[in-house]
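Engineer: The structure's right below; bear with me while I get my questions together.
The values are calculated or read from the model by the stated rules, or taken from the named source; none is laboratory data. What you see is a predicted model, and the numbers here were worked out from it, not measured in a lab. Ideal geometry is used to build each Cβ from the backbone, glycine not excepted, and the neighbour counts take in all protein chains shown. When the accessible area is computed, the model is the full protein with side chains, heavy atoms only, and any ligands, DNA or RNA have been set aside. Shrake-Rupley method; radii C 1.70, N 1.55, O 1.52, S 1.80 Å.
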Amino acid sequence: MDTIAAIATASGKGGVAIIRISGDGAHQCLSRVFRKQNMEMRKMYYGGVYDGEVLLDKCLCVKFDAGASFTGEETAEIQCHGGYASARDILEAVLKNGARMAESGEFSKRAFMNGKIDLSQAEAVGDIIEAETKSASRAAARLLSGSLGEMISSFQDVIKELLTAIEAGIDYPDEIDEQETSETIISQVQQMLPQIDKLIEGYSRGRITKEGLKVCIIGKPNAGKSSLLNALCGSDRAIVTSIAGTTRDTLHEILDFSGIKVHLFDTAGIRESDDVIERAGVERSQLTLKDSDVVLCVTDSSEEDDFSWIDKEDVLDKQGVFVFNKSDLNLAAEKPLPFSWERINVSTKTGEGIEAVSEFIASQARANDASDALTITSQRHFDALVKAKGHLENCLELMPPDILSIDLTSAWTVLGEITGQTVTEDIVNNIFEKFCVGK
Ligand SMILES: Nc1nc2c(ncn2[C@@H]2O[C@H](COP(=O)(O)OP(=O)(O)OP(=O)(O)O)[C@@H](O)[C@H]2O)c(=O)[nH]1
Ligand SMILES: [Mg+2]
């Protein structure tokens, strides 16, 4: 493989910056800019890095041989002083001495191509870099350890054994009983399916851990939705006025609740309107509601509200709470609640109940924290598992083994998409393109 190089650390001022070099000429390339003789592998050496005779920086340098590097190739790293110009200067010297600029994610892609990590681990590298909360980072670290790949490979091994048994039956029809083979297939598939189901079911939590819990504040105009957003954020994020229909666009704030990322959305109050802008706002409210995981349904305690503005269908699969706001005012007649969510009395004016709403969101965040168990967090893995499940379920009927082999082969192939064993080049490129340069 040709030799690639990039700055692996974030740009800007910092303690150190790292320039990474990988490929067949990595060591030679390093030796041209860093002239230490007889460097041992995996040992740091201190000295000057030069462009010709010009000293660029005093650095720490290390070499890895192909067997012991991240990419699985000959690798070298230069740690220079963190500062954009110095790192850039050194990179340019490296590029003049036999390396070319790496593409996005090319180091990780090479690690995958060289079998150092499977595709699910490579994706976890991306996830851990993107992680903004403790839980997201821990869930990614678990995937980085390779445990998902191991589990998927164990399913594939079982399927491969079944396929081998089917082939043996075709080669030796007199010695191997077809019915027995089919029964073995059914019993093995029955053992695998609950484990696959568990991974599939965990995805909604995994997705929330990685991407964040979507919490939508919804209600009639003037109920106090924006005031609630402001109280939860602890800042005057949204405009609050006594005019019904103040909020038109959906507002989005990101908060951290119990180590989980929470997307908090304030929406336009839902009502019939002749105003084109307000109608567009209400449409957005409804879309935001449909796409959310948790709903804060705000109502003005001092006003009548029969909740006819909310469509039950939109919230059936969600968790939520009724926020009876303006508890500092005189209460209107008791309102019958349309579904069995809890009710919290709140006054954004006095602060009553805000803590309870926060605690409700935090409890929902904790319930979706998937960082303590092996959980899939990627739509790509979810889709592959759902397909594999479908193929395996087709094998539960007692049929001749050669017919079962069609679905078993398909299940083996789609499972291989998770580890990258059977994935197309396009998908691989697509995954690594999203990485940053230097990773
Ligand atoms: N007394 C009292 N007034 C409140 C409370 N919360 C909000 N208000 C007032 O209610 C009015 C509407 O508040 P907003 O937060 O703008 O309500 P909204 O639901 O976002 O309204 P739209 O954006 O128009 O849909 C403002 O005049 C607020 O000051 C409360 O707890 N008590
Ligand atoms: Mg508002």
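Engineer: At 1.4 Å probe size, put Thr299, Thr350 in order of accessible surface, largest to smallest. Show your work: numbers first, answer last.
Structural biologist: Numbers: Thr299 0, Thr350 95 Å².
The ordering from most to least exposed comes out as Thr350, Thr299.
Engineer: Could you pull out the chymotrypsin sites (Phe, Trp or Tyr not before Pro) across the range 338-371 that fall in loop regions by DSSP (anything but H, G, I, E, B) with no more than 16 other Cβ atoms inside 10 Å? Walk me through the numbers before you get to the answer.
Structural biologist: On the way: sites: Phe339, Trp341, Phe360; in loops: Phe339, Trp341.
Sites meeting the loop and neighbour criteria: Phe339.
Engineer: Right, next: Treating the angle as unsigned and between 0 and 90°, give the value, to the nearest 10°, between the Cα long axis of helix 379-393 and the longest Cα principal axis of the chain.
Structural biologist: Between the helix axis and the principal axis of the chain, the angle is about 90 degrees.
Engineer: Right, another one. Hey, how many Å between the Cα centroid of the range 5-55 and the Cα centroid of the range 80-109?
Structural biologist: Cα centroid to Cα centroid, the span is 9 Å.
Engineer: Further question: Using only alpha carbon pairs under 8 Å that are at least six residues apart, calculate the relative contact order of the chain and give it in whole percent. Present the calculation step by step, with values, prior to reporting the outcome.
Structural biologist: Details: 838 pairs, mean separation 79.1, N = 439.
Relative contact order here is 18 percent.
Engineer: Express the carbon and sulfur contribution to the solvent-accessible surface of the range 4-116 as a percent, rounded to the nearest whole number, probe 1.4 angstrom. Each step should come with its number before you reach the end.
Structural biologist: Numbers: 2660 of 5400 Å².
Within the range 4-116, the accessible surface is 49 percent carbon and sulfur.
Engineer: Please calculate the 1.4 Å probe accessible area of Tyr84, with all protein chains present, and give it to the nearest 10 Å².
Structural biologist: Rounded to the nearest 10, that gives 120 Å².
Engineer: Can you pull the accessible area of Glu359 for me, 1.4 Å probe, Å² to the nearest 10?
Structural biologist: Ignoring ligands and nucleic acids, Glu359 comes out at about 90 Å².
Engineer: To continue, here is another question. Where the centroid of each part is defined by its Cα atoms, how far is the range 381-439 from the range 284-357 in Å?
Structural biologist: 43
Engineer: Moving on. If r is the Cβ-Cβ distance from Glu283 to Glu304 and R0 is 22 Å, what FRET efficiency results, to the nearest 0.05? List each step's numbers first, then the result.
Structural biologist: Working: r = 25 Å, r/R0 = 1.13.
Once rounded, the FRET efficiency stands at 0.35.
Engineer: Just to be sure I understand: if I project the alpha-carbon convex hull of the chain onto a plane and average over all orientations, what area do I get in nm²? All intermediate terms of the calculation are to be shown ahead of the outcome.
Structural biologist: Values: hull surface 116.1 nm².
Taking a quarter of the hull surface, the average projection is 29.0 nm².
Engineer: Please give every one of the lysines within straight-line cross-link reach of Lys318, meaning a C-alpha to C-alpha distance under 26 Å, and leave out same-chain neighbours fewer than 8 residues apart.
Structural biologist: Answer for Lys318, where 26 Å is the Cα cut-off: Lys134, Lys198, Lys210, Lys214, Lys220, Lys225, Lys261, Lys290, Lys326, Lys335, Lys387, Lys389, listed by chain and number.
Engineer: Among DSSP beta bridges lying fully in the chain, give the percent that are antiparallel, nearest 5.
Structural biologist: Numbers: 31 of 54 bridges.
Taking every DSSP beta bridge within the chain, about 55 percent pair in antiparallel fashion.
Engineer: Could you tell me what percent of the DSSP beta bridges with both partners in the range 211-367 are antiparallel, to the nearest 5?
Structural biologist: Values: 7 of 28 bridges.
If I count the DSSP bridges inside the range 211-367, around 25 percent turn out antiparallel.
Engineer: Got a sec? What order do Glu53, Glu183 fall in by accessible area at 1.4 Å, biggest, i.e. largest, first?
Structural biologist: On the way: Glu53 155, Glu183 90 Å².
Ranked from most to least accessible, the order is Glu53, Glu183.
Engineer: If contacts are Cα pairs under 8 angstrom and at least 6 residues apart, what is the relative contact order of the range 211-367 in percent?
Structural biologist: Numbers: 320 pairs, mean separation 39.1, N = 157.
For the range 211-367, the relative contact order is 25 percent.
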